[in-house]
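Beneath this line is the structure, given in structure tokens, with notes to follow.
Only the coordinates and a few stated rules stand behind these numbers; no lab work does. Just so you know, these numbers come straight off a predicted model, no measurement behind them. Here Cβ is always computed from backbone atoms with ideal geometry, including for glycine, and neighbour counts include all displayed protein chains.
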Amino acid sequence: MLGSLFTDIEKLKGVGTARGEKYRKLGISTPYELIFHIPRAYLDYRAFVPVSQAVLNDYNVLKLTVVKKLAPQRIKGGLVICKALATDGTDDILIVVYNNVYAFQALKENETYYMHGKVNGNFLRKEIMAPVYIPSSEKMLIQPVYPLTQGLSVTLVRTAMRQALEMMKREPFETMPSYILNKYRLCPLDYALENIHFPTDEDAVSAARRRLSFDELLKLQIGMSLMKSRSRRSTAFKMDSSVSIKPFTDGLPFELTEGQSKAVSEIISDLCREIPMNRLLQGDVGSGKTAVAAAACYFAAENGLQSALMAPTEILASQHYNTLSSFLEPFGMKVCLLTGSLTPKKKAMLREKIVSGEINVIVGTHAIIQKDVEYKALGLVITDEQHRFGVAQRAALAEKGDSPHKLVMSATPIPRTLALIIYGDLDISAIKQLPKGRKPVNTYAVTGKLRHRAFGFVKARLDEGRQAYVVCPMIEESESELHAVKTYAEEAANGDLKGYTTALLHGKMRPNEKDKVMKSFRDGEIQVLICTTVVEVGVDVPNAAVMVIENAERFGLSQLHQLRGRVGRGEFESTCILITDNVSDDCVKRMKIMSSTSDGFKISEEDLKMRGPGDFFGSAQHGLPTLKIADIACDMELMNEAQNCAREILEADPMLEKKEHRTLKLDVMRLFEKEIIG
Ligand code: ADP
Ligand code: MG
């Protein structure tokens, strides 16, 4: 079945080796993948305007008759410019085509075309630049716009697409059982694909979109459920509910907030069941998730069970270690820090103490899930900022011990539906309020011109005894960027920040160096920490009350929010200054949101809207397959329908073994590739 659709893309007429290469660059290597290359948007040629009313310096659709083609002009650099005079009766216009003789040759004098392109010029003389066009005889006036690459024109893609769709029509293609199509009012798959590429009208496009989005969301839900059900069929240590955590809470230097207390009791009641806990602890930066985690570790230790806490970076792990040991050691509990940078000897020693049960709480990076680390009785596994870990690491952690209880902590307040998809079927505890006395961080966005003044402000705060972060982007961690950060730090130390103690902190430093710098900063020996985003997650220095973020345009909203969360953690009025010279709409919008709200949930929703779920969680780390058409942030209603549908299907056929679900199963596996199987 579906044989020919899975041959090489080069089998299509008009696709040779060179173009095949270009398709492959777009991730298309078969006709099947081509028909799932979904248009990014549509051009509606029916909406043409008279030339006399074209909006200058903007894109317009015009209906033009070519009056006269002028001789091509060759200019320097081998560039060829072709021009043609055209009109629609309301005004004349010059059609300008660069370096594409082929497109120009196809235009005929005295013929009429719909054209879409940017119109430049003034009232006296107008030009339409490098337009895409179709003859006025064309019946299909709504035309798709594809994500393309250099050398693949929309016309070429359409020719290939037509062939692929014809192939599709020769084969049985429906993946969805008809009872679902009826129940959820979905159009057939071949209709959807035909109309997503060659729509007759808007209604056809929206029916097609709905069907294809539904498919994706359904597969996503089913896939996640299948993954989850593999880990659910097990029992966990049932802890003793009569164990009191009052000694722990009494020993804390502060009183738990209402949200923290509620989360603690929800967690404890989960721990006292034999179904493994699978809980997400959500709380904005600074809401005090660590104390909640510590309470859970305390409870497990009192029950004679070990806990493991995994953090995405060494800095964070060592900070958690400090916090947990200060909270737990007064009770005679042993906490250790296990990271990749320990000497083999030290590691071996710790491993011994872990397997003997001498250590109660193991804090670390993913070093704690390596094969050679064995636990005596692992009852609870906590991961901080889990979406930063790869799927494989998460799975490895889950396999440690006899299905331990699991707690995931996250400061990314993702919408519930999305949380369900990413983490599977889990319960959520949310800490809604921050500890008393926290003040929102005053946030300002300024251009580089004001940098000097901004640092004047920073220095005034330093003189009052506060500390500051200056964050520079280093996204790729490449040598050149590293160089840039180093140079920046040097220049700042000798320029704007002369006379103040500064230090550099970045991800390429050796772990013990990083720790040393972090420690001196925490101890107040360093006034300004010039750093990359290594400080993004979790670092907690209450005396740091100012943050400057350079090249703020290079950070996403959630990341800016996380970064900003490093200040405003103590009693002091805090400030965040975002420096950017970028004036794009997108950047301006982000800066506005940052300066107007400190509500993590709002920020994260905006972020999701602006970027979509894939980018939202940072590269492919979240284990979510990339969706081509469905938009999780916007298609909420459809998402709910798909969720219901997934539930129905799995209730009737938990492993998708029925014949009517066979193609669906294959599709799910294809979407998740290998992650779901095995
Ligand atoms: P996050 O939720 O971002 O991980 P942390 O656990 O790092 O937050 O806590 C942030 C800061 O708030 C820490 O300095 C912690 O000691 C403090 N803190 C936590 N809970 C409370 C509380 N109930 N009252 C006052 N301060 C608290
Ligand atoms: Mg934290």
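Side notes on the structure shown:
- DSSP bridge orientation in the chain - percent antiparallel, rounded to nearest 5: 40 percent
- Rounded to the nearest whole Hz, the Karplus-based 3J(HN,Hα) values (6.51 cos²θ - 1.76 cosθ + 1.60, θ = phi - 60°) of segment 337-342 follow the sequence 10, 10, 10, x, 8, 5, with x at glycine and proline.
- Beta bridges per DSSP with both ends in segment 244-370, % antiparallel, nearest 5: 0 percent
- Computed over segment 497-565, relative contact order equals 32 percent, with contacts defined as Cα pairs under 8 Å that lie 6+ residues apart.
- Compactness relative to 2.2 N^0.38 Å, alpha carbon Rg of segment 63-164: 1.13
- Cα-centred dipole magnitude for the chain, charges only on beta-carbon of K, R (+1) and D, E (-1), debye, nearest 20: 980 debye
- Residues with amide H under 5 Å from that of ILE275, placed H, sequence gap 5 or more: ALA236
- Segment 477-583: C-alpha gyration tensor shape, a/c 1.5 cut-off, then a/b vs b/c: rounded
- Amide proton proximity set for LEU338, modelled H, under 5 Å, gap of 5+: VAL363, GLY364, THR365
- A helix-only calculation puts the chain at -12000 deg cm²/dmol for mean residue ellipticity at 222 nm, using -39500 (n - 2.57) for each DSSP H run of at least four residues, averaged over all residues.
- Cα lying deepest toward the dipole's positive end in segment 51-94, options ASN57, LEU94, GLN73, charges on Cβ: GLN73
- Overall Cα dimensions of the chain - principal axes, largest extent first, Å: 92, 70, 43
- Leading residue at positive end of dipole, segment 423-575 (Cβ point charges), from THR443, MET474, TYR488: THR443
- Difference of contour (0.36 nm per residue) and Cα-Cα distance, LEU56 to ALA377: 108.4 nm
- Within segment 172-224, the trypsin sites (Lys or Arg not before Pro) that combine a DSSP coil assignment with at most 12 other C-beta atoms in a 10 angstrom radius are ARG185.
- With the convex hull drawn over the C-alpha atoms of segment 32-76, the volume per residue is 223 Å³.
- Take each peptide in 301-309, 163-171, 28-36, count the other Cβ atoms within 10 Å of every residue, and average; sorted highest first, the result is 301-309, 28-36, 163-171.
- Highest average first, the peptides 87-100, 545-558, 118-131 ordered by how many other beta carbon atoms sit within 10 Å of their residues are 545-558, 87-100, 118-131.
- Measuring between alpha carbons in the structure, the pairs from LYS345/LYS514; LYS219/LYS347; LYS436/LYS589 lying more than 32 angstrom apart are LYS219/LYS347.
- Near VAL548, the amide H atoms lying under 5 Å from its own belong to TYR469, VAL470, VAL471, ILE577; only residues 5 or more places off or on other chains count, and H is placed 1.01 Å from N.
- Leading residue at positive end of dipole, the chain (Cβ point charges), from VAL668, SER225, ASN360: VAL668
- For segment 208-213, Karplus couplings with θ = phi - 60° (6.51, -1.76, 1.60), whole Hz, Gly/Pro x: 5, 4, 4, 4, 5, 5
- Pairs beyond 28 Å (Cα-Cα), from LYS346/LYS376; LYS22/LYS68; LYS22/LYS508; LYS25/LYS658; LYS432/LYS459; LYS439/LYS459: LYS22/LYS68; LYS22/LYS508; LYS25/LYS658; LYS432/LYS459
- Charged side chains reduced to their Cβ positions (Lys and Arg at +1, Asp and Glu at -1) give segment 256-315 a dipole of some 40 debye around its Cα centre.
- Distance from the alpha carbon centroid of segment 487-502 to that of segment 555-578 works out to 22 angstrom.
- Derived scalar couplings between HN and Hα for segment 434-442 equal 8, x, 3, x, 6, 10, x, 7, 5 Hz in order, rounded to whole Hz, by the Karplus curve 6.51 cos²θ - 1.76 cosθ + 1.60 (θ = phi - 60°), x for Gly and Pro.
- Considering all C-alpha pairs of segment 266-325, those separated by over 16 Å amount to 50%.
- A simple charge model with +1 on the Cβ of Lys and Arg, -1 on the Cβ of Asp and Glu and nothing else charged puts the dipole of segment 187-319 at about 540 debye relative to its Cα centre.
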